[in-house]
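Below is one structure, written out as structure tokens; comments come after it.
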Amino acid sequence: MTTSPDLTFHDGHTIPQLGYGVFKVDPDIAADVTGQALTAGYRHIDTAKLYANEEGVGRAVRESGLPREEVFVTTKLWNDDHRFEDAIAACEASLERLGLDYLDLYLIHWAVPEQGLYVEAWKALIELRSRGLVRSIGVSNFPLAELQEIIAATGEVPVIHQIELHPYFQQRELREAHAGHGILTQSWGPLGQGKSDLLDNPVITGIASAHGATPAQVVLAWHLAHGIVTIPKSVTPSRIVENLEAADVKLTAEEVAAIDALDRPDGRGGFDPAQRRD
């Protein structure tokens, strides 16, 4: 069985580098597909309040037969819960839906700069960690200025920043900032969300052919080669397994560099965090 390598946060906790994401997974099938992922060998599951499938994810974790400490569970604080007491209550509600006593990682899902509450939300996550409800805390979809502001305001550095990232949109400035603070980078939409021709790009398909791998595996292997935590999503049983097996694909330095060269200035496929207002 393929297993993911672990990376270490600056707080000393570890995270499996290759996880299973459940964005847009229907709540009715979330328990089933999450259970399949755990059976395949995943030990890192990423959900969120917004996804409305925390109940299914939690049920799969509880019914997996795996010790709780062997499954890394992430969920996220939604945008309408950024006030301090709302954030505390939102985390408690997520834990109740999941049926778990603690979270391995809790993230602020979006900064929503226009609200001006991201520092208050970050202080709430610090409090949740102090209460033992959360082991590690981080952020998702923060512009660089807001990321630097929460660190300056609290002295607390997120362990991880989850952002849109794939070979067509490589976020190099943010990744450099992360490295300077000891923050791990995590990618969502690592395969481009089907919004481009990434998996048909001849650089990707050529490398895939050389390794006897799929284009998706090559793209995921590129993330892993850069030390990026990534959470591909699929509800197809064969692809759930295939994505995890990307951990067995080892790219050469030349292959990594060839994929690095695919970066595009217009490669973003999702919301710009600086402009998110809801």
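Can you name the residue in segment 184-218 that is at pLDDT 95 or above, part of a helix (DSSP H, G or I) and touching a Gly at 6+ places or on another chain (Cβ under 8 Å) and, of all such residues, is most open to solvent (accessible area, probe 1.4 Å)?
LEU199
Please pick out the residue among ALA274, ALA208 that is within 27 Å of TYR118 (Cβ to Cβ) and out of contact with any Phe, Trp or Tyr (no Cβ under 7 Å at 6 or more places or on another chain). Steps first, answer last, please.
On the way: ALA208 fails: within 27 Å of TYR118 (Cβ to Cβ).
Result: ALA274 is the single residue among ALA274, ALA208 that is within 27 Å of TYR118 (Cβ to Cβ) and out of contact with any Phe, Trp or Tyr (no Cβ under 7 Å at 6 or more places or on another chain).
Before we move on, is LEU7 closer than 24 Å to GLU242 by Cβ and open to solvent by less than 30 Å² (accessible area, probe 1.4 Å)?
Working: closer than 24 Å to GLU242 by Cβ: yes; open to solvent by less than 30 Å² (accessible area, probe 1.4 Å): no.
Criteria not met by LEU7.
What number goes with the only condition from (1) open to solvent by less than 10 Å² (accessible area, probe 1.4 Å); (2) touching a Pro at 6+ places or on another chain (Cβ under 8 Å) that ILE240 does not pass?
The number of the failed condition is (2).
Could you grab me the full set of residues in segment 93-112 that are of a type outside the set (Phe, Trp, Tyr) and either in contact with a strand residue (DSSP E or B) (Cβ under 6 Å, 6 or more places away or on another chain) or open to solvent by 30 Å² or more (accessible area, probe 1.4 Å) (or both)? Spell out how you get there, then give the answer.
Narrowing segment 93-112 to residues of a type outside the set (Phe, Trp, Tyr): 93-101, 103-105, 107-109, 111-112.
Listed by number, the residues that qualify are ALA93, SER94, GLU96, ARG97, GLY99, ASP101, LEU103, ASP104, LEU105, LEU107, ILE108, HIS109.
Listed here are the residues, each with its yes/no results for (1) open to solvent by 40 Å² or more (accessible area, probe 1.4 Å); (2) on the phi > 0 side of the Ramachandran plot; (3) not polar (S, T, N, Q).
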residue	(1), (2), (3)
GLY12	yes, yes, yes
LEU18	no, no, yes
ALA30	no, no, yes
TYR51	no, no, yes
VAL57	no, no, yes
GLU69	yes, no, yes
ASN79	no, no, no
HIS82	no, no, yes
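The values are calculated or read from the model by the stated rules, or taken from the named source; none is laboratory data. Note that this is a predicted model, so its numbers are computed, not measured. As a convention, Cβ positions derive from the backbone with ideal geometry for all residues, glycine included, and neighbour counts pool all protein chains shown. Side chains are part of the model used for accessible areas, which takes the heavy atoms of the whole protein and leaves out ligands, DNA and RNA. Shrake-Rupley method; radii C 1.70, N 1.55, O 1.52, S 1.80 Å.
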